[in-house]
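Participant: Below: one structure in structure tokens.
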Amino acid sequence: MKKILKLTLVLAMVFCSADAFAQKLASVNTQEIFAVMPETKEMQTQLDAFGKELQEQLEAIQVEFNNRLAEFEKNQATMNPTVKQMKQSELSGLQERYGQFQQIAQQDFAKKQQELAAPIQQKLDAAIEKVAKAAGYAAVFDAMAFVYSDAAQVVNINAAVKKELGITDAPAQ
């Protein structure tokens, strides 16, 4: 969101300046390029493995809960009230721990995703900057942030950035 706000402000400043028409502007679709970078596939493999590990842990807690619940339901008729209340409390605690673990797992997954994506995004940003400086562009905007752009005045540099990153025109997966 901050990037979009910054891009909008920069775009407004560029269009408001007296010599805006003398500026060379470019756009790039960072999402499209990020998706086809080889590092993204490795990131996804690592995220899949991490997610599977978290899912297995969640399932183990769920199995433990289900086993204890089945045992409780089977024996509750013969339990004295104190033991019954204690077992219900244990089950409630297990269910609460499952919910807490689920929330923590989601947070850990998001953190891992950000951690793995950061260096890929930095590499992409560096390639965009290199291409822009080499071609003399005054500003490069993310194509996803545009509501409208005139293709005659704003050059799309996706191909140049992909070339800089060593990406051939393979379809996004």
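Participant: Excluding residues fewer than 8 places away in the same chain, name every one of the aspartates and glutamates whose C-alpha is closer than 17 Å to that of Lys123.
Facilitator: Straight-distance partners of Lys123: Glu32, Glu39, Glu42, Glu115, Asp142, Glu164.
Participant: What is the gain in length, in nm to one decimal, between Thr168 and Asn75 on full extension, counting 0.36 nm per residue of separation less the C-alpha to C-alpha distance?
Facilitator: Length gained, Thr168 through Asn75: 27.0 nm.
Participant: What list of ³J(HN,Hα) couplings, whole Hz, do you get for the stretch 48-61 from phi and the Karplus terms 6.51, -1.76, 1.60, once you set θ to phi - 60° and write x for glycine and proline?
Facilitator: Calculated HN-Hα couplings, in order: 4, 5, 5, x, 5, 4, 5, 5, 5, 5, 4, 5, 5, 5 Hz.
Participant: A 23 angstrom limit on the alpha carbon distance is what I want to check against. Which of Lys52/Lys163; Lys24/Lys163; Lys24/Lys162 exceed it?
Facilitator: As for pairs spanning more than 23 Å Cα to Cα, those are Lys52/Lys163.
Since every read-out is calculated from the coordinates, none of them should be taken as a lab result. None of these values were measured; they are calculated from a predicted model.
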